[in-house]
Amino acid sequence: MSNENTYFRVLHQSLDASLKIQLDQLTTPFNLEQTLTCGQVFRWRRLGGWWYGVVDENVVKIRQNNGELQFHTFPGGMDADFLKNYFRLSDDLPHIQSQINRDEHIGKAIQRFAGLRIIRQQPWECLISYICATFKNIPAIKGMILNLSKRFGTEIAFDRYRFHTFPKPRDLANADIEHIRKCRLGFRAERVLKTSRIICHEESDLESLEETDYEYARNELLSLPGVGQKVADCILLFSLDKLEAFPVDVWLKRVILESYSGCFERSFIERIRDKKSLTPQEYREISRFGQRYFGRHAGYAQEYLFAYARSMMHLSV
């Protein structure tokens, strides 16, 4: 028997006993699939009945059976508390839903995606991921991030699959621009390189923005190459605990036009209706509306409305 086959045999033997997290779906509703497929993260895939993702240098293998989460991590070091934090299982979701459930539109979205939670991502990876996300759909974003990880990350072999860690700031900061371009980032390559150099060489501490208020953190992110208003709000919401952030993309613009147009001046709605992109002022007006209307958990409302709008589009085709 070869060393490789021996490695996989021993590895599978070590995975016979899963680690588990028990959840009461009445008090702690959670739907793993909804959470991983709603467009907020890009490095998870379903293989053989399990979900696999790379989080903080580890491969996480996880599946859900009603209120039970079974998981393994490799090489190891992640426990149940880490995943509870990652999936924000301490968020009082029933309370949050009751606070944002202000009309029939958001009510339908909450009912459809009642177990969807916002994931607490690592800020550096979230930053680069959403710079790559500019003007791209989810499959294309996943492809760019996978290419970056294959070229600049570290390979991990697990369950006969090969995964890659996300590159560290120094890996991208010291890279040749042509090597980054080969990851098919297009015009985003220069932005990724410049931002990586700022984070690495100026020792910018992204994590520290979690301790600041929303406006300060937002302005700091907007100073980075490739970070516009939507990208900043996504980073704030998905990695820096700013649950009041309300990112606006083409899906949210559609939701506003179809379900919340009465909350705006008619002239504003007519002005944005046929535009492909919003001006900074138009973006800010919609985002601030979301924050005022839904309150301090506006980001959850945004994610439910986003997921619901995409699901309705898929049902109609």
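Every read-out reported here was derived from the displayed coordinates using simple, explicitly stated rules and does not represent laboratory data. Just so you know, these numbers come straight off a predicted model, no measurement behind them. Note that we place each Cβ from the backbone using ideal geometry, even for glycine, and neighbour counts take in every protein chain shown.
With a point put 7 Å past each Cα toward its Cβ, work out how far Phe187 is from Asn219 in nm, to one decimal.
With each label point 7 Å from Cα toward Cβ, the separation is 2.7 nm.
Using 1/(1 + (r/R0)^6) with R0 = 41 angstrom and r between the beta carbons of Glu178 and Asp274, what's the FRET efficiency to the nearest 0.05? Don't skip to the answer; put the middle values down first.
Values: r = 39 Å, r/R0 = 0.96.
About 0.55, to the nearest 0.05.
Where does each of 294-300, 54-60 land if you order them by average Cβ count within 10 Å, highest first?
Peptide ranking by packing, descending: 294-300, 54-60.
Taking a ≥ b ≥ c as the square roots of the Cα gyration tensor eigenvalues, with a/c under 1.5 meaning rounded and otherwise prolate when a/b beats b/c, else oblate, which class fits segment 186-228? Don't skip to the end; give the middle numbers.
Values: a/c = 3.32, a/b = 1.60, b/c = 2.07.
Oblate shape, in that a/c is at least 1.5 and b/c is the bigger or equal ratio.
Given points 7 Å out from each Cα along the Cα-Cβ axis, report the Ala157 to Asp79 separation in nanometres with one decimal.
Distance between the two pseudo-spin positions: 3.1 nm.
Under the rule a/c < 1.5 gives rounded, and otherwise a/b versus b/c splits prolate from oblate, where does the chain land using the Cα gyration tensor?
Oblate.
Lysines within cross-link reach of Lys275: Cα-Cα under 21 Å, excluding same-chain residues under 8 positions apart?
Lys136, Lys230, Lys253
Most fluctuating residue of Leu252, Leu19, Leu83 in a GNM of the chain with Cα springs under 10 Å: which is it?
Among Leu252, Leu19, Leu83, the largest mean-square fluctuation in the Gaussian network model of the chain belongs to Leu19.
Beta carbons within 10 angstrom, averaged per residue: use that to sort the peptides 163-173, 262-272, 279-289, highest first.
Packing order, densest peptide first, comes out as 163-173, 279-289, 262-272.
For Lys168, give me every one of the aspartates and glutamates with a C-alpha distance below 14 angstrom, ignoring sequence neighbours fewer than eight places off in its own chain.
Partners within reach: Asp56, Glu57, Glu125, Glu155, Glu203, Asp205.
When the Cα centres of segment 33-86 and segment 218-279 are compared, how far apart do they sit, in Å?
29 Å
My understanding is that a pair violates if its Cα-Cα distance is over 21 Å; which of Lys20/Lys108; Lys20/Lys61; Lys142/Lys276; Lys20/Lys84 do that in this structure? Working shown, then result.
Working: Lys20/Lys108 31 Å; Lys20/Lys61 12 Å; Lys142/Lys276 23 Å; Lys20/Lys84 11 Å.
Among Lys20/Lys108; Lys20/Lys61; Lys142/Lys276; Lys20/Lys84, the Cα-Cα distance tops 21 Å for Lys20/Lys108; Lys142/Lys276.
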